[in-house]
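Everything on this sheet refers to the single structure shown next.
The values are calculated or read from the model by the stated rules, or taken from the named source; none is laboratory data. These figures come from a predicted structure and were not determined experimentally. Cβ atoms come from the backbone with ideal geometry, glycine included; neighbour counts cover every protein chain shown. Side chains are part of the model used for accessible areas, which takes the heavy atoms of the whole protein and leaves out ligands, DNA and RNA. Shrake-Rupley method; radii C 1.70, N 1.55, O 1.52, S 1.80 Å.
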Amino acid sequence: MNTTDYFDFTKIPDFNLHIERSIHDYPFLIEQAKYYGDCFAQENTCVIDYGCSTGKMLEEIPKKENTKYIGIDRASLLVAGERKGAEFIASDFFKYEPSQKASVIFSIFFLQFLPRNKRAEALKKINKELESGGCFIVAEKTHYSDSRLENITNTAFMQSKLNNFHAEEVLVKANRLAKCMYLSTDSELSEELAVIGKPFVFWKCYGFTATLVIK
């Protein structure tokens, strides 16, 4: 068993199915994110999904007239081009500059792979791109500040993964992800997001949290 490599999402045969099997209640999270995104999307702005992977969520979100829908990802999971009312661009997050303000910005399990100094830089960039009154929707794995609760939650999560994966698969992935994820506690995440606006947690399952921040 080789656990020395970083986890490579591009080598997953069916990425969308893999995520659904990996994160309990993931489909409901995405439905909520799309609903909030649709409610906050405004004409003459753009809706951006950073780290959009295959682009499935942005393809499915309801589209409004005179609103641009843009998915950004640099991984080979993304097929660049236009489809279902959205434009998908293969680009590094820090190099992409939108041509107009965004009323909605998504980051679904993307920020957690940025080191601390890069996270702060990323949030400043997002704040700059976001229209006043717009929203930032972010989901990522988090830690509880209470060690006992953290241990119980993480154990329950691992047990749930055994319903969909073999024990060796779970262990190998956990080891590889530990080398490329930079996780926060719930309170640390709230403090980080406060540079944009007031954060509201709208979904939580095991060690995963989704937050909506209104600028």
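Some observations on this one:
- Count Lys and Arg as plus one, Asp and Glu as minus one, and take only other residues whose Cβ is under 14 Å from that of Val170; the net charge is then +2.
- Residues in the stretch 167-208 reached by a label modelled at Ile214 [backbone nitrogen below 20 Å; 7 Å Cα→Cβ]: 190-204
- Entries in Lys179/Lys215; Lys128/Lys204; Lys124/Lys215; Lys34/Lys215; Lys68/Lys125; Lys95/Lys118 that, when Cα-Cα distance is taken, lie over 24 Å: Lys179/Lys215; Lys128/Lys204
- Whole-number percent relative contact order across the chain, with pairs defined as alpha carbons under 8 Å at least 6 apart: 22 percent
- Relative to the current alpha-carbon distance between Asn127 and Glu60, full extension at 0.36 nm per residue lengthens the span by 21.6 nm.
- Remark: the chain carries 51 Å² of accessible area per residue (probe radius 1.4 Å; ligands, DNA and RNA excluded).
- Peptides 153-166, 201-214, 20-33 ordered by average Cβ neighbours within 10 Å, highest first: 201-214, 20-33, 153-166
- Each label was represented as a point 7 Å from its Cα along the Cα-to-Cβ direction; for Asn151 and Ala75 these points are 3.2 nm apart.
- The label point for Met181 and the one for Glu31, both projected 7 Å from the Cα toward the Cβ, are 2.5 nm apart.
- Counting only heavy atoms of the protein chains and using a 1.4 Å probe, Glu121 has close to 90 Å² of accessible surface.
- Helices in the chain, meaning DSSP H runs of at least 4 residues, each add -39500 (n - 2.57). Divided by all residues, the mean residue ellipticity at 222 nm is -10500 deg cm²/dmol.
- Over the stretch 84-167, the ratio between the Cα radius of gyration and 2.2 N^0.38 Å evaluates to 1.46.
- Working from Cα pairs under 8 Å separated by at least six residues, relative contact order for the stretch 140-215 is 41 percent.
- Put a dot 7 Å past the Cα of Val195, heading toward its Cβ, do the same for Glu20, and the two dots end up 3.6 nm apart.
- All Cα-Cα distances of the stretch 145-215, cut into 10 Å bins from zero to the largest, leave 17, 40, 31, 11, 1 percent in each bin in turn.
- Taking the protein heavy atoms of the stretch 86-211 in the context of the full set of protein chains, the accessible area attributed to carbon and sulfur is 53 percent at 1.4 Å.
- Net lengthening on full extension, Lys95/Lys141 (0.36 nm per residue, minus Cα-Cα): 14.1 nm
- Each residue was assigned an accessible area with a 1.4 Å probe, and for Ile61 the value is about 10 Å².
- Largest to smallest in accessible area, the residues Tyr69, Tyr96 fall in the order Tyr96, Tyr69 (1.4 Å probe, all protein chains included).
- Here the extension length gained between Lys173 and Ala120 equals 16.4 nm, from 0.36 nm per residue of separation less the Cα-Cα distance.
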